[in-house]
Structures are given as structure tokens and as C-alpha cells.
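What follows is a short report on a single structure.
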Amino acid sequence: MAEFGIVMGKSDKALRRVLADLDAHTALPAQFKALIRSVDAHWTQVRTAFDACDARIESHARDDERCVRLRAIVGVGALTADALIASLGKAQEFRNGRQLAAWLGMVPTQHSSGGHTRLGAISCR
């Protein structure tokens with residue numbers, strides 16, 4: 001669309017704003033407008049499916065007690081809690097929280113040399 005002089009931001013909201021005024025742009029060929037409308041219809045279907053998927057994840061995270069406890073942690077939302085519960089299950093294979101943290105990748109950085117072990121801050125790489 002920039003080739004036809006229509007410049008917009010890289011967001012869904014900016015695209016919908018431009019598509020609402022598509023008929024106002026007389027420089028656009030009719031075939032191009034038809035193509036853009038068909039792509040917009042497809043994008044609307046994708047957004048609807050995406051919103052339905054988000055609603056299912058939110059519903060599951062709200063109904064599962066383990067997800068509710070995880071969501072009490074600052075920065076953990078429905079998607080993260082649901083994915084962690086799906087990966088861990090009941091987490092019975094870990095002997096303690098330290099093993100779980102290591103499995104997640106939350107381990108201290110190492111600055112060891114010559115047999116001297118020096119551990120730094122926790123990193124999540």
C-alpha cells in the first residue's frame with residue numbers, strides 16, 4: 001500500500017483504520033481493492049479464531065486451581081500458567097523447588113576458574 005502512497009503504522013488498529021476508508025483512495029486499482037478486501041476478510045477470521053483460543057486458555061486457567069496459584073505470581077498470566085501446568089503436570093518428579101528452577105533454566109551464572117567455583121546472580125538463559 002505504501003507504493004500507492006498509503007503509509008500506516010505496523011498495527012492491527014492502524015490497518016483497520018485504513019481499510020475502513022479504502023473507498024476514499026481513488027488512486028488504488030479496483031482489483032487491488034478487491035484483493036485487500038479478501039485479505040481483510042481472512043484476517044478477520046484469523047482474529048476471531050485467535051480470540052476464541054485466548055478465551056479457552058483464559059477459561060482453563062481460571063478453572064484450574066494450579067493455574068490460579070501460579071497467576072498469583074507477578075508477571076505470570078493465563079498463557080504462561082497454562083503452558084507451565086501442561087509441561088509439568090503435577091511436578092512430582094522434582095524432589096524440590098531447586099530442581100524445578102534448574103529445569104526451567106533459572107540457574108546462577110558461573111565465573112569459575114582453576115578449581116574455584118564462583119556463582120553469580122540467577123540467570124534465565
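The values are calculated or read from the model by the stated rules, or taken from the named source; none is laboratory data. As the structure is a prediction and not an experimental result, all values here were calculated from the model. Neighbour counts are summed over all protein chains in view; Cβ atoms, including those assigned to glycine, are modelled from backbone coordinates with ideal geometry. The protein model used for the area step is the full one, side chains on, heavy atoms only, and it has no ligands, DNA or RNA in it. Shrake-Rupley method; radii C 1.70, N 1.55, O 1.52, S 1.80 Å.
Going toward the positive end of the dipole of region 25-119, with +1 on Lys and Arg Cβ and -1 on Asp and Glu Cβ, which of Gly77, Gly97, His25 do you reach last?
Ranked along the dipole, the leading option is Gly97.
Measure off, as a whole percent, the carbon and sulfur share of the 1.4 Å-probe accessible area of region 1-76, all protein chains present. Walk me through the numbers on the way to the answer.
On the way: 3430 of 5800 Å².
Carbon and sulfur together cover 59 percent of it.
Loop-only check: which GluC sites (Glu not before Pro) in region 26-125 are DSSP coil with at most 13 other Cβ within 10 angstrom?
Numbers: sites: Glu58, Glu65, Glu93; in loops: Glu93.
Here the GluC sites (Glu not before Pro) that fit, given the DSSP loop and packing criteria, are Glu93.
Which of the lysines could a cross-linker bridge to Lys33, judged by Cα under 28 Å and excluding same-chain residues fewer than eight apart?
Correct list for Lys33: Lys10, Lys13.
How far apart, in nm, are the 7 Å Cα→Cβ label points at Val18 and His116?
Calculated label separation equals 5.9 nm.
Take the chain, compute every pairwise Cα distance, and split them into 10 Å bins from 0; I just need the percent in each bin.
All Cα pairs, binned at 10 Å, distribute as 10, 24, 18, 17, 17, 11, 4, 0 percent.
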